[in-house]
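Visitor: The structure under discussion is supplied below as structure tokens; questions concerning it will follow.
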Amino acid sequence: MKHVLLFLSLFYLSPSNCLAKTYYDSPKTSINKMVRNSGDKYIISYPHSFSDTLFIPKDCELYFNGGSLSGPIVLNNTLLTGSVNLKGSTLSGTVGNKFFNASWLCYKDGKTDDAKQINEMIEVCGNVYFPKGRYRLISQYNAGDNLIGKLHRSVQSHIGIHRSEVSLIGEKGTEFLTAEPLGTICAFTRPNLIENSIRNILIEGITFTVKNDGKTFHEFLHTIKLIGVNNITIKNCTFNDFWGDAICLSHYGDNKSTGERTRNQNVKILNNTILGGEAHNNRNGISVINGKNVLIKDNVIKNTSRRDMPGGIDIEPNNSAYTIDNIKIENNTIANVKGAVGAIGLALLRGGASAHRIAIRNNKIQNCSGGIVVVIRTKGTSDGIEITDNIIDTNIRPFKFGGEGSSRNWTIKNNRIHRYSAQKIPGNIKVDGLKVEGNKDIHK
């Protein structure tokens, strides 16, 4: 008997099961008056448009049975089920769903602005699934109080990610379409939260198309920009033209007081297709200005870079505030790059920037303005550089080392290089602990 009473007591205290009620709307239902009790289920069978904010009580379920809601809505761990239709709504709060389906709120017709809706979905859920369609991005992300000082310009973009545990996953055929001179996505940590970087971000399966007219150049407007992100994966995406970089591991600025030490770490850029466009009116395919533990693998990079910009993959810390450590560039195909450096470049200038543990392995380079280029201007700013098993089939600077600095512990071996016999390794750079072996001319 004691156990039976305990069971009945637990059952009674549960807010679900026996206490939950189901309510049905009607064409004349005032949705604000109908949705009033926590833990209940509400059936939405008719369209409801409203201007007064609808506050959903905690832990409710909204089941859409052919109906819709359009207006300002504050969710409260709300479970959305059925044929959800929230188009025309403004959302805040949280949902009980693991993923938010973008078609519930976005128009995905290639014409109507979906940027504001995407930002709202990231805030209420964090994990967003994008069914195939063209998501037109027009409006700008409002950083609001997410930044201190005058740093809003650094994160200007259509979509902003400033929280951890965010995933944007696109079904095959998902396209983000932009035409305005603005970055597409910026994931960032506020400078005053440097010790607690946002983390665990995934961007997968999305095609990014920028309507670059080939005439106006915007060097610092990147499709995906990272500032102080820890553990992010960008994979299986396609970048169709862009203004600055397709992907940039960036910073807040060159002044130490602005928090540029918010570095990116544990970054994976995998199996993406980066197409710069026929006009080559962009900066780099991928830039690593501030990064630690970065893997760039199995990507295709073609047709990038103005002639006065570096090239396909650029590793270039601008001053001693930035971190370049453990960068792996593996199994990428890089072709038809017209930048001043070429396919892959490492540039350590006179600002005291350093680079450690750089591995460039198994990449295939074709028809570029240059192959692999390393420039070091300062003594002792680099060590642990490995260049192995690459195919460099370009007749303009296929392999070049320059500057007047010094470095340590290089391995350059088993590369197949156009005109290898003409290469001077390591150029004018002094290297303590240099291993050069097994390199061959690609045509012999």
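The values are calculated or read from the model by the stated rules, or taken from the named source; none is laboratory data. Note that the structure is predicted; figures quoted are calculated from it, not measured. So basically every Cβ, Gly included, is an ideal-geometry build from the backbone, and we count neighbours across all protein chains shown. Heads up: the accessible areas ignore ligands, DNA and RNA and are worked out on the full protein's heavy atoms, side chains in. Shrake-Rupley method; radii C 1.70, N 1.55, O 1.52, S 1.80 Å.
Visitor: Using Cα positions and a limit of under 26 Å, work out the lysines in reach of K28, with same-chain residues fewer than 8 apart set aside.
Guide: K28 reaches K41, K58, K87.
Visitor: Can you give the accessible area of D308, probe radius 1.4 Å, in Å² rounded to 10?
Guide: The accessible area comes out at roughly 90 Å².
Visitor: For the chain, report the accessible area per residue in Å² (1.4 Å probe, heavy atoms, rounded to an integer). Before the final figure, lay out the partial values.
Guide: On the way: 19590 Å² over 444 residues.
Per-residue value: 44 Å².
Visitor: For the chain, what's the relative contact order in percent, using C-alpha pairs closer than 8 Å and at least 6 residues apart?
Guide: Working: 1378 pairs, mean separation 28.6, N = 444.
Relative contact order comes out at 6 percent.
Visitor: Here is a follow-up. Quantify, in whole percent, the carbon and sulfur part of the accessible surface of the stretch 337-389 (1.4 Å probe; protein heavy atoms only). Mind dumping the intermediate values first?
Guide: On the way: 830 of 1790 Å².
Carbon and sulfur together cover 46 percent of it.
Visitor: How far, in degrees from 0 to 90, does helix 115-124 lean away from the longest principal axis of the Cα atoms of the chain, to the nearest 10?
Guide: For helix 115-124, the angle is close to 70 degrees.
Visitor: Right, here's the next one. On a 1.4 Å probe surface of the protein chains, which of S139, S287, S320 comes out largest in accessible area, and what is the full order? Walk me through the numbers before you get to the answer.
Guide: Details: S139 35, S287 0, S320 60 Å².
Largest accessible area first, the list is S320, S139, S287.
Visitor: Of the trypsin sites (Lys or Arg not before Pro) in the stretch 330-362, which ones lie in a loop per DSSP and count no more than 15 other C-beta atoms within 10 Å? Present the calculation step by step, with values, prior to reporting the outcome.
Guide: Working: sites: K338, R350, R357, R361; in loops: K338, R350.
Answer by residue number: R350.
Visitor: Could you tell me which GluC sites (Glu not before Pro) in the stretch 347-444 are loop residues by DSSP with no more than 15 other beta carbons within 10 angstrom of their beta carbon? List each step's numbers first, then the result.
Guide: Details: sites: E386, E404, E437; in loops: E404.
Sparse-neighbourhood loop GluC sites (Glu not before Pro): E404.
Visitor: Efficiency by 1/(1 + (r/R0)^6): what FRET value for K132 and D213, r their Cβ-Cβ distance, R0 = 35 Å, to the nearest 0.05? It would help to have the intermediate numbers written out before the result.
Guide: On the way: r = 27 Å, r/R0 = 0.76.
Once the sixth-power term is evaluated, E becomes 0.85.
Visitor: Now, a different point. For the stretch 310-377 and the stretch 201-252, compute the distance between their C-alpha centroids and round to whole Å.
Guide: 18 Å
Visitor: Something else now. Run the accessible area of the stretch 29-120 with a 1.4 Å probe and give the carbon-and-sulfur part as a rounded percent.
Guide: Looking at the stretch 29-120 in its full context, I get 46 percent from C and S.
Visitor: Suppose each label sits 7 Å from its Cα in the direction of the beta carbon; what would the T112-S164 distance come out to in nanometres?
Guide: My value for the distance between the label points is 3.6 nm.
Visitor: Reachable aspartates and glutamates from K172, Cα under 15 Å, same-chain residues fewer than 8 places away excluded?
Guide: E204
Visitor: Oh, and also: Once label points are set 7 Å from the Cα along Cα→Cβ at both N409 and N395, what is their separation, rounded to one decimal in nm?
Guide: Each label point is offset 7 Å from its Cα along the Cβ direction, giving 4.0 nm.
Visitor: Let me ask something else about it. Would you list which aspartates and glutamates come within 13 Å of K211, measuring only between C-alpha atoms, while excluding same-chain residues fewer than 8 positions from it?
Guide: Output for K211: E175, E180, D241, E278.
Visitor: Next question, about the same structure. With a 1.4 Å probe and every protein chain left in place, tell me how much accessible area E316 has, in Å² to the nearest 10.
Guide: 40 Å²
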